[in-house]
Amino acid sequence: MSVAFVLAINMSVAGLIAAAFAVVAVTNRTARGAWWLAAGCGLGIVNVGLEFLLTRQVDPTPTGISIFLVFLLAQSFALIGVASHYRVAPPWIAIAAIWVLTILAVPVIFSLPYGSSPRLTLYQMPYFAMQSLFAIVIVRSGRRQALDLLLIALQIVAALIYLAKPLIAAVVGTASSPQGYMASTYAAISQSASVVALMAIALVLLLVMMRDTTAEIVARSETDPLSSVLNRRGFEQHAGIALLRYGETAVLIAADLDDFKTINDSFGHAAGDGVIAHFAAMLVDAAPADAIVGRIGGEEFAVLLPDAMLSDGRIYAEAVRTAFAAARLPVLGVDRGFTASFGVAQRGPGDSLFDLLRRADAALYRAKAAGRNQVRVALEEMPVSATVGVA
């Protein structure tokens, strides 16, 4: 297989991958980093084109320097794209340091004899350093799913390939001049290894983006846009899974804003929406990390505390009730306090989520009947008078 053929494959692959990332960026505006990755792959096409141009140059140095720096720029763009996708700040200082050292090294590299070990080693070091940053960025993100671990491994392999290239050249030999690079065995091995590694990285990156995009779509479908907590569908889904995991050691708190219709009628729906959002934020802030919080009705919320006892649920509800009653929301133009009522139920033997919600609601209605702004515990089933009005 000729090096020209391998380079043509490299150019085609870079073009296809650049197009794939561009499509992701266009069709999913929340896909972070896709445009940077598309730009990096696009520069890969330019880099390969310069390799073909090199063979026709009388003085190969300007084109050789361009090839050297364009590929490093392609790596830089791709690194920024990966960091953006993983929600990690790009390592700007490290990137800048690599570029400064690379620019300073250019006169030294291109003054050394072509094909010599010192020249090849210095030539590959910036690529090794930049590629290593990919793995560091993903590790810093804290993501440890299978595709993330595979991507880290591939980045390490790609970095090691750059380190290995001077050794490969020492074994198989290289061309005597830059114009003869494409006719050398070293070029065939170097380009083949690079395209395989970079193609594998790009494909895994596309899979990572598809996975994360799908997860974001699912999360949006399960999230209430006003309160930013789970909607009823999402709450039932996640709470059901939690009940399967924790068994009977779970507590459910039902909460309802008192006199909510009066809030809307007196201050407007925008103020009512603000009260709902504020109350939801207080529920989340006071809850333990494994709690599941959902808005299951207009002004009704539910909080599942996995691996908790009835006393834990009551303490949590009292804390939120007290804090909410003491809060003032002048930013909404409503300079007054609001209250909420709570019902707490411990999961019993054989209780489904529906049973648990029903018993928590029964306790909530008793809190409403007793004058609102209270917490009631579902110690046993108690009938609620049909004459009791619930706000």
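Mind telling me which of the residues ARG376, ARG372, ARG314, ARG366 ends up being at pLDDT 90 or above, assigned to a loop (DSSP other than H, G, I, E, B) and not aliphatic (A, V, I, L, M)? Break it down stepwise before answering.
Details: ARG376 fails: assigned to a loop (DSSP other than H, G, I, E, B); ARG314 fails: assigned to a loop (DSSP other than H, G, I, E, B); ARG366 fails: assigned to a loop (DSSP other than H, G, I, E, B).
Exactly one residue qualifies, and that residue is ARG372.
Only one residue in GLY234, GLY240 is surrounded by fewer than 17 Cβ atoms within 10 Å (Cβ to Cβ), in contact (Cβ under 8 Å) with a residue 60 or more places away in the chain and assigned to a helix (DSSP H, G or I), so which one is that?
Numbers: GLY234 fails: surrounded by fewer than 17 Cβ atoms within 10 Å (Cβ to Cβ).
Residue meeting the stated conditions: GLY240.
Just to check your reading of the model, which residue among VAL6, VAL26, VAL58 is among the β-branched types (Val, Ile, Thr) and within 17 Å of SER192 (Cα to Cα)?
Values: VAL26 fails: within 17 Å of SER192 (Cα to Cα); VAL58 fails: within 17 Å of SER192 (Cα to Cα).
Selected residue: VAL6, the only one of VAL6, VAL26, VAL58 that is among the β-branched types (Val, Ile, Thr) and within 17 Å of SER192 (Cα to Cα).
Quick check on the stretch 294-301. Is at least one of its residues at pLDDT 90 or above and of a type in the set (A, V, I, L, M)?
Within the stretch 294-301, one or more residues are at pLDDT 90 or above and of a type in the set (A, V, I, L, M).
Within the stretch 269-278, can one find any residue that is in the same structural domain as ALA317 (by TED's automatic domain parsing), touching a residue at least 24 places away in the same chain (Cβ under 8 Å), in contact with a Pro (Cβ under 7 Å, 6 or more places away or on another chain) and farther than 28 Å from ALA369 by Cβ?
Looking for residues that are in the same structural domain as ALA317 (by TED's automatic domain parsing), touching a residue at least 24 places away in the same chain (Cβ under 8 Å), in contact with a Pro (Cβ under 7 Å, 6 or more places away or on another chain) and farther than 28 Å from ALA369 by Cβ, one finds none in the stretch 269-278, hence no.
Give the residue, chosen from LEU16, LEU43, LEU7, LEU69, that is assigned by TED's automatic domain parsing to the domain that holds ILE136, in contact with a helix residue (DSSP H, G or I) (Cβ under 6 Å, 6 or more places away or on another chain), among the aliphatic types (A, V, I, L, M) and at pLDDT 80 or above. Let's see the steps before the verdict.
Working: LEU16 fails: in contact with a helix residue (DSSP H, G or I) (Cβ under 6 Å, 6 or more places away or on another chain); LEU7 fails: at pLDDT 80 or above; LEU69 fails: in contact with a helix residue (DSSP H, G or I) (Cβ under 6 Å, 6 or more places away or on another chain).
Unique residue meeting the criteria: LEU43.
Let me confirm something: among ALA153, ALA158, ALA197, ALA202, which residue is among the aliphatic types (A, V, I, L, M), at pLDDT 85 or above, in a helix (DSSP H, G or I) and surrounded by fewer than 18 Cβ atoms within 10 Å (Cβ to Cβ)? I'd like the intermediate steps shown before the answer.
Working: ALA158 fails: surrounded by fewer than 18 Cβ atoms within 10 Å (Cβ to Cβ); ALA197 fails: surrounded by fewer than 18 Cβ atoms within 10 Å (Cβ to Cβ); ALA202 fails: surrounded by fewer than 18 Cβ atoms within 10 Å (Cβ to Cβ).
Result of the check over ALA153, ALA158, ALA197, ALA202: ALA153.
Which one of these is buried (at least 20 other Cβ atoms within 10 Å of the Cβ) and not β-branched (Val, Ile, Thr): ASN47, ASN28?
Details: ASN28 fails: buried (at least 20 other Cβ atoms within 10 Å of the Cβ).
Only one candidate qualifies: ASN47.
Please enumerate the residues belonging to the stretch 235-275 that are more than 19 Å from ARG336 (Cβ to Cβ) and of a type in the set (Ser, Thr, Tyr). Don't jump to the end; show me each part of the working.
The initial filter retains those residues of the stretch 235-275 that are more than 19 Å from ARG336 (Cβ to Cβ), namely 235-255.
TYR246, THR249 - these are the residues of the stretch 235-275 that are more than 19 Å from ARG336 (Cβ to Cβ) and of a type in the set (Ser, Thr, Tyr).
State all residues of the stretch 326-359 that are among the small types (Gly, Ala, Ser) and over 21 Å from LEU226 (Cα atoms); if no residue qualifies, say none. Step through it out loud before you land on a result.
Within the stretch 326-359, the first condition is being among the small types (Gly, Ala, Ser), and the residues that meet it are 326-327, 333, 337, 340-341, 343, 345, 348, 350, 352.
ALA326, GLY343, ALA345, GLY348, GLY350, SER352, listed by residue number.
Among the residues of the stretch 30-82 satisfying the criterion of being part of a helix (DSSP H, G or I) and without any contact (Cβ under 8 Å) to a residue 12 or more places away in the chain, which is farthest from SER184 (Cα to Cα)? Write out each step before concluding.
Pass one, the stretch 30-82, residues part of a helix (DSSP H, G or I): 34-54, 61-82.
Retained after the next criterion (residues that are without any contact (Cβ under 8 Å) to a residue 12 or more places away in the chain): 53, 62.
Details: LEU53: 16, PRO62: 21 Å.
Going through the qualifying residues, I end up with PRO62.
Can you find, within the stretch 102-127, the residue that is nearest to ALA175 (Cα to Cα) among those that are among the aliphatic types (A, V, I, L, M) and loosely packed, with under 14 Cβ neighbours inside 10 Å? Spell out how you get there, then give the answer.
So in the stretch 102-127, the residues among the aliphatic types (A, V, I, L, M) come out as 103-106, 108-109, 112, 120, 122, 125.
Right, trim to loosely packed, with under 14 Cβ neighbours inside 10 Å and you get 103-104, 108.
Working: ILE103: 24, LEU104: 25, VAL108: 19 Å.
So the residue we want is VAL108.
Give the stretch 165-179 a look and list any residue that's surrounded by fewer than 16 Cβ atoms within 10 Å (Cβ to Cβ) and assigned to a helix (DSSP H, G or I), or say none.
From the stretch 165-179, those surrounded by fewer than 16 Cβ atoms within 10 Å (Cβ to Cβ) are 167, 170-173, 176-177; that's our starting set.
Within the stretch 165-179, LEU167, ALA170, VAL171, VAL172 qualify.
I'd like to check something: does the stretch 96-105 contain any residue that is in contact with a helix residue (DSSP H, G or I) (Cβ under 8 Å, 6 or more places away or on another chain), modelled with pLDDT of 95 or more, closer than 17 Å to ALA158 by Cα and among the aromatic types (Phe, Trp, Tyr)?
no
Just one of (1) modelled with pLDDT of 90 or more; (2) buried (at least 21 other Cβ atoms within 10 Å of the Cβ) trips up TRP35, so point out which.
Looking at each condition in turn, TRP35 falls short on (2).
The values are calculated or read from the model by the stated rules, or taken from the named source; none is laboratory data. Note that the structure is a prediction, hence the values are computed from the model and not measured. Neighbour counts are summed over all protein chains in view; Cβ atoms, including those assigned to glycine, are modelled from backbone coordinates with ideal geometry.
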